[in-house]
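The values are calculated or read from the model by the stated rules, or taken from the named source; none is laboratory data. Nothing here was measured: the structure is a model prediction, and the numbers come from that model. Positions of Cβ are generated from backbone atoms using ideal geometry, with glycine treated the same way; all protein chains shown enter the neighbour counts. These area figures cover heavy atoms from the full protein model, side chains too; ligands, DNA and RNA do not enter into them. Shrake-Rupley method; radii C 1.70, N 1.55, O 1.52, S 1.80 Å.
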Amino acid sequence: MSKGLVFFSLLYLQAQLHRHFFFAFFIKKRYFIYAIGAVFSTLIGAALLVVVNYFWIDTAYYERGEIAISHDFAYQIVLCVVSTFTMLSFFLLRQYAHEVQKRNEAQLMLSEINVKYLHAQLNPHFFFNMFNNLYGVSLTEPLRTPELILKLSELMRYQLENANRDTVSLKEELTFIANFIAMEKERVGQRCTIKYTVTGEDSDLKRYRIVPLLLITLIENAFKHSLTNERKWYVTIGIVFNGGLLTVDIKNSLADKLLKNNSTGLGLTNTRQRLGLLYPAQYSLYSAEIETYYQTILTLNLKSSVYA
C-alpha cells in the first residue's frame, strides 16, 4: 500500500512540476523552451519511477526478467504523459470556469454602471443646454449648426448603441470623448480654456480595444469640478497611446468654494471598481489636488488585457 502511494505521489509530483514550471512557457507562446522542458521533465520523471521500481517497489519483477528495463522506461514515459495531460486538463477547466465567472461578474457590474451612467448623462438638463446652445449658434453662425447637430447625434448614438457591448475600438472611444468635449466647448464658450490632444498611431487606435464608457467619467469630472471666477478656468486633457499602454493625463482648475459642486466621489469610485474588475493588475489611477489645480492620471495596459 505504502509503495503504491509513493509511486503515484511521484507521478503526481512530476505532473505538478510540469504545470508549475514548464506550462507557463506554453502560455507565453515560448513553444521551443516549453518543448525542451516538457521532454526533460517527462524523461526525468520516467527515469525516477524506473529507479524506484527497480530498487524498492518491485525488484523481484525485474529479477525474473519478465520485462526489459527499456520497455518499462517507455511504459513509465506513457504514464507520465497521461498524468501530465490529466493534470493540465483539470487545471485548464478550473481556469476556464474562473474566467467565465469573472466575465459574468464583470458584465453584471458593467451593465449596472452603464445604466446608471446613461441615466445620469442622458438627462433633460444636459440636452436642454445643448439644444439651447445649438439654437444660439444657429442664429449667429448658421453654417456651424449641421456640424454640431451631427456631433450631438453621434454622442447620443454611441452611448445608446455601445453601452452594453463588451468592447469597442480605442479609436471609437476617443472619438466619443472628442464629441463630448466639442459639446462642452459650446456649453462653456470662451470662459474656459480647453486643450485636448491625442498622441498615437491611428492603426493602433483602431486595432486595440477597450471597455466602452470607461474614460468619460474622468473627462466629465474635470469639467464639472473646475468652474472658477477667481482664477483662470481651464481643462487640459492629454491622451497618449504607445506600445499598448494608454495614458490619460487630466488637469483642471480648482473650483471656487462658492461654485464647488458637492461631490460624493461616486464617479471616481465606480471607475476604480470597473478598472479593478475588468483590468486587474493592468492599471494605475492617480488623482490629487495640487496647489491650484487637480490632476488625474490613468495608465492602462491594453496589450496584455483579455479585452484587447
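Below is a table of values for the structure above.
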| quantity | calculated |
| --- | --- |
| Accessible area (Å², 1.4 Å probe, nearest 10) - D249 | 50 Å² |
| Hydrodynamic radius (Kirkwood) for the stretch 207-248, which is based on Cα pairs only, to one decimal in Å | 12.4 Å |
| Over the stretch 159-242, equivalent-ellipsoid semi-axes from the Cα gyration tensor in Å | 26, 15, 10 |
| Y234 long-range amide H proximity, modeled H, under 5 Å | T193, S253 |
| Rough spin-label spacing in nm, given labels placed 7 Å along Cα→Cβ, for I290 and S203 | 3.5 nm |
| Phi-based couplings in Hz for the stretch 221-237 (Karplus 6.51, -1.76, 1.60; Gly and Pro marked x) | 4, 4, 6, 5, 10, 10, 5, 8, 10, 8, 10, 6, 8, 8, 9, 10, 10 |
| Largest to smallest accessible area among K232, K151 [probe 1.4 Å] | K232, K151 |
| Y135 paired with S153, simple spin-label distance in nm, labels 7 Å along Cα-to-beta-carbon | 2.1 nm |
| Accessible area (Å², 1.4 Å probe, nearest 10) - R191 | 150 Å² |
| Area accessible to solvent at R231, 1.4 Å probe radius, in Å² | 100 Å² |
| For the stretch 179-289, convex hull of alpha carbons as volume per residue, Å³ | 114 Å³ |
| Potential lengthening between T193 and T269 on full extension [0.36 nm per residue; Cα-Cα distance subtracted] | 24.6 nm |
| Under Karplus coefficients 6.51, -1.76 and 1.60, residue-wise ³J(HN,Hα) of the stretch 143-151 in Hz, glycine/proline x | 5, 8, 4, x, 4, 6, 4, 5, 5 |
| Sequence-distant residues sharing a close amide H with G200 (under 5 Å, placed H) | F241 |
